[in-house]
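FYI, it's all coordinate maths here, none of it is from the lab. Remember, predicted model here, so these are calculated numbers, not experimental data. Don't worry about glycine lacking a Cβ; one is built from the backbone with ideal geometry, like all the others, and counts go over all protein chains shown.
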Ligand SMILES: NC(=O)c1ccc[n+]([C@@H]2O[C@H](COP(=O)([O-])OP(=O)(O)OC[C@H]3O[C@@H](n4cnc5c(N)ncnc54)[C@H](OP(=O)(O)O)[C@@H]3O)[C@@H](O)[C@H]2O)c1
């Protein structure tokens, strides 16, 4: 596989041949920014075209929004008309597997040539982690469909720490049932860069990229790097899985999802996500961002004095 695949791009001003799902989410927001910055037109399937996130998308050059829902087959069919490459991302949920399998079949019927699927590190059909099992089922279906594919398997998102930004800003603490296990956390901006490459260049067909950051770090390491970036003490507090489950359910999280996150953290705790992999470099030709880069760029969100979040 070439390290810097040759470009084979639709150009600005042409009709979009790329369809994005999940375009208003963590990865999708960065992906749409990158596509727009490169002048690549894209179509985004969004549930509510009037939402703030959808309106922000609409303002990007080259963006075409179509109203639709992955649970509504007719809307997905409409969105796929004229599409050559598609990006498949859903949130993890009890419906995710069915939603994604339906999308794959519809993409095949619509004549899509290449599917880029946002999967997850260590996806496997026999994993004890439900998220990793459903991702593996969908990957297998895509391979069986005959479509060209690129599987992006990111490790834990650095941006996941933003869920704790209020606790970090107010109390200087964040929590997880992970002990001293290391994880090669990855920046969402690098995942989006890999997706951009797979959607807009040749050479990524039928590749699986394990996407990690450049270092395996404990959560205590993350706390230390954040503290340095925001110039205030930050402590990581290890908690038992029962405390995590209780907190998530207490926040009103769906029990299937809460249990999945507990399984996910047990997997991290076992040290199963500590390998540093070359996927970001392979897919994008660039080294992945370090956690220190993330901490510096997002310091304002965690309560630091300066105010610009860099991209
Ligand atoms: N978090 C991690 O550390 C991590 C690590 C590895 C892999 N992953 C994988 O990353 C994925 C989540 O990515 P993310 O964090 O970018 O997601 P996210 O921020 O939760 O965004 C989800 C997106 O899906 C859209 N969506 C939800 N339900 C939909 C439906 N029924 N029909 C159409 N669109 C729908 C949402 O649109 P609306 O605007 O309509 O809500 C939103 O754009 C999961 O598959 C997870 O397994 C996560």
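Treating the angle as unsigned and between 0 and 90°, give the value, to the nearest 10°, between the Cα long axis of helix 96-110 and the longest Cα principal axis of the chain. In the chain, helix 96-110 runs at an angle near 20 degrees to the longest axis. Against the compact-protein benchmark of 2.2 N^0.38 Å, the Cα-based radius of gyration of the stretch 132-226 scales to 1.33. In this rough spin-label picture, where each label sits 7 Å from Cα along the Cβ direction, the residue 173-residue 84 distance is 5.5 nm. Rounded to the nearest 10 degrees, the inclination of helix 188-200 to the longest alpha-carbon principal axis of the chain is 10 degrees. A helix-only calculation puts the chain at -12000 deg cm²/dmol for mean residue ellipticity at 222 nm, using -39500 (n - 2.57) for each DSSP H run of at least four residues, averaged over all residues.
For the stretch 1-146, the relative contact order is 19 percent, taking Cα pairs closer than 8 Å that sit 6 or more residues apart in sequence and dividing their mean separation by the residue count.
Just the number, please: percent antiparallel of the DSSP beta bridges in the chain, rounded to the nearest 5. Of those bridges, close to 5 percent are antiparallel.
The calculated FRET efficiency for the pair residue 275 and residue 165, based on their C-beta separation and a Förster distance of 25 Å, comes to about 0.35.
Angle between the Cα long axis of helix 241-250 and the longest principal axis of the chain, 0 to 90 degrees, nearest 10? With both axes taken from Cα atoms, the answer is about 60 degrees. Averaging 1/r over every pair of different alpha carbons in the stretch 1-155 and inverting the result gives a Kirkwood radius of 15.9 Å.
The ellipsoid equivalent to the alpha-carbon distribution of the stretch 123-179 has semi-axes of 34, 14, 7 angstrom, derived from the gyration tensor eigenvalues as √(5λ) and listed largest first.
Taking a temperature of 10 °C and a viscosity of 1.306 mPa s, what whole-number D in µm²/s does Stokes-Einstein yield for the stretch 191-311 with Rh from Kirkwood over alpha carbon pairs?
D, rounded to a whole number, is 94 µm²/s.
Roughly speaking, what is the stretch gain from residue 205 to residue 29, that is 0.36 nm per residue apart minus the C-alpha to C-alpha distance, in nm to one decimal?
My answer for the length gained is 61.0 nm.
In the stretch 143-257, the DSSP beta bridges split such that about 10 percent are antiparallel, to the nearest 5.
As a rough guide to protection, the peptides 94-101, 14-21 ranked by mean Cβ packing within 10 Å, highest first, stand as 14-21, 94-101.
Where q = 0.22, 0.27 Å⁻¹, what log10 of I(q)/I(0) comes from the Debye formula for the stretch 259-306, counting one point per Cα? For the stretch 259-306, the Cα-only Debye profile gives -0.90, -0.88. The modelled label-to-label distance between residue 140 and residue 286, using points 7 Å beyond Cα along the C-beta direction, is 3.7 nm.
Modelled this way, with points 7 Å down the Cα-to-C-beta line, the labels at residue 98 and residue 75 are 1.6 nm from one another.
Can you give the FRET efficiency for residue 105 and residue 259, using 1/(1 + (r/R0)^6), R0 = 30 Å, r = Cβ-Cβ distance, to the nearest 0.05? Efficiency at R0 = 30 Å is approximately 0.60.
How big is the Cα convex hull of the stretch 210-273 in projection, averaged over all directions, in nm²?
5.7 nm²
Peptide packing for 130-139, 63-72, 191-200 was compared via the average number of neighbouring C-beta atoms within 10 Å per residue; ordered from the highest value, the list is 191-200, 130-139, 63-72. The Cα center of the stretch 153-231 and the Cα center of the stretch 72-150 differ in position by 23 Å.
Sorted from greatest to least, the principal axis extents spanned by the alpha carbons of the chain come out as 52, 41, 41 Å.
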